[in-house]
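Working notes for the structure below.
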Amino acid sequence: MHLLHIIKKLPFRVSSLLGERVSSNKPLAVLIDVIAILTTVFGVTTSLGLGTVQISAGMAHIFGIEETFTNKVYIIIFITLLGLTSVSLGLNAGIKKLSQLNMIIATGLLLLVFILGPTIFIVNALVQNFGAYLNTILQSATWTEVYDPTSWQNGWTLFYFTWWFSWAPFVSLFIARISYGRTVKEFIVGVLFVPSLIVFLWMGVFGNAAIYQVISNTSDISQVVANNLPVALFTLYDVYPFAQPLSIVSLILIITFFVTSSDSGALVASMLSSKDQTDINDDSPMISRVTWAVLLGIVAAVLLYAGGLTALQTSVVITGVPFAIIMVFACKNLLKGLEESEDSPPRHINTD
């Protein structure tokens with residue numbers, strides 16, 4: 001079964017994912033699409049804001065550059081300009097090539113940290129972590145801290161879950177765009193299992209490298225995490241040879257990752273807001289992509305000025321929760337679309 005069977009017959013609108021009754025109700029459809037656009041904007045700008053804080057902390061740690069709001073604005077402008085260039089070039093010429101560069105740098109950095117070690121400790125920890133994850137997945141997924149409430153539930157679960165929901169319209173439509181013509185099986189493997197494996201390896205290698213430093217008392221990284229979280233990654237390298245080059249490579253990687261967030265978010269927001277965008281395989285107008293890339297940078301700077309991390313967290317919770325409700329109905333309609341596509345006769349798909 002090809003995704004084209006499901007995607008091609010629908011207008012490129014989030015409201016269309018909720019069925020004909022919703023999409024034919026113009027005021028309701030417009031409201032849902034506006035919520036999707038706002039959710040995308042605040043989800044991406046939250047990432048840009050948090051990334052800016054980490055980049056600023058990294059520059060202070062590596063080069064001694066002071067962490068001021070003005071310097072953070074300069075960082076946002078720099079990321080926005082790079083994202084603007086990438087999104088202007090389009091999906092294949094800009095976003096695709098930058099994403100490939102990201103993965104090359106990330107893979108190299110991951111291997112370096114793994115080789116620098118403690119390699120045996122990391123391997124053993126990955127095996128144990130995987131078993132612990134499988135053993136506690138149901139308990140962790142339904143944990144609400146009802147009997148012993150702490151700041152963890154709000155600080156992690158509520159914020160991060162709603163943050164991920166706020167990325168749903170952006171990520172889902174962008175992945176649908178780049179997965180055009182793929183089968184549902186290929187989509188599930190490429191979107192769920194492969195990224196999950198990469199995240200598991202990344203968190204396992206870097207996380208256990210840091211845990212080893214805490215256990216062996218070779219650094220003060222635990223205090224750094226408690227007092228200045230954004231600089232923790234760069235502190236991890238202090239016990240390694242070539243600490244400064246590793247920190248610089250990490251800084252470049254963080255910048256390029258957030259540039260891809262900016263350009264991809266601008267692309268999806270422009271596709272959602274373009275009146276004539278009816279096919280997922282078409283490019284939205286250039287002026288729309290440029291406008292959204294600039295707006296994402298402006299909103300990120302305003303939120304940082306308004307209240308820093310607190311403002312970013314609040315904005316993403318406000319927009320993420322309503323879209324989480326919309327997703328429940330979208331999932332129901334997706335199941336219906338899959339059933340209808342399964343009953344329809346097969347068609348030739350040109351994936352060239």
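All of the numbers you see were taken from the coordinates with simple rules; none came from a lab. These numbers come from a predicted model, not from an experiment. Here the Cβ is made from the backbone with ideal geometry for all residues, glycine too, and neighbour counts use every protein chain on show.
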Under the Karplus curve 6.51 cos²θ - 1.76 cosθ + 1.60, θ = phi - 60°, whole-Hz ³J(HN,Hα) for the range 236-246, x wherever Gly or Pro sits: 4, 7, 4, 8, 9, x, 6, 4, 5, x, 4
Evaluate the relative contact order of the chain (contact order divided by residue number), counting alpha-carbon pairs under 8 angstrom at least 6 apart; express in whole percent. 40 percent
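From the Cα gyration tensor of the range 56-141, with a ≥ b ≥ c the square roots of its eigenvalues, which class applies: rounded if a/c is under 1.5, or else prolate if a/b is larger than b/c, or else oblate?
Working: a/c = 2.04, a/b = 1.61, b/c = 1.27.
Since a/c reaches 1.5 and a/b is larger than b/c, the shape of the range 56-141 is classed as prolate.
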Please check which bits of the range 163-201 a label hung off Ile137 would reach, taking the label as a point 7 Å along Cα-to-C-beta and the cut-off as backbone N under 19 Å. 185-201
Theoretical gain in end-to-end length, Thr157 to Leu197 [0.36 nm per residue, Cα-Cα removed]: 12.3 nm
Please state the shape class of the range 142-243: rounded when a/c is under 1.5, otherwise prolate if a/b exceeds b/c and oblate if not, all from the C-alpha gyration tensor. oblate
Given Leu303, Val127, Gly58, which one lies farthest toward the positive end of the charge dipole of the chain, if we put +1 on the Cβ of every Lys and Arg and -1 on the Cβ of every Asp and Glu? Leu303
Once the mean 1/r over all distinct Cα pairs of the range 34-99 is inverted, what Kirkwood radius in angstroms do you read off? 13.3 Å
Checked against the structure, the computed Cα extents along the principal axes in Å among (1) 62, 48, 47; (2) 165, 47, 37; (3) 63, 44, 43 is the one labelled (1)
Relative contact order [Cα under 8 Å, 6+ residues apart], the range 139-252, whole percent: 10 percent
For the table Lys26/Lys97; Lys97/Lys332; Lys26/Lys336; Lys97/Lys185; Lys96/Lys185; Lys72/Lys332, the rows whose alpha-carbon distance is greater than 32 Å are Lys26/Lys97; Lys97/Lys332; Lys72/Lys332
Only Cα pairs within less than 10 Å get springs; with that Gaussian network setup on the chain, which residue of Thr107, Thr144, Thr162 has the largest fluctuation? Thr144
Student exercise, the chain dipole from Lys, Arg, Asp, Glu Cβ charges, in Debye to nearest 20: 600 debye
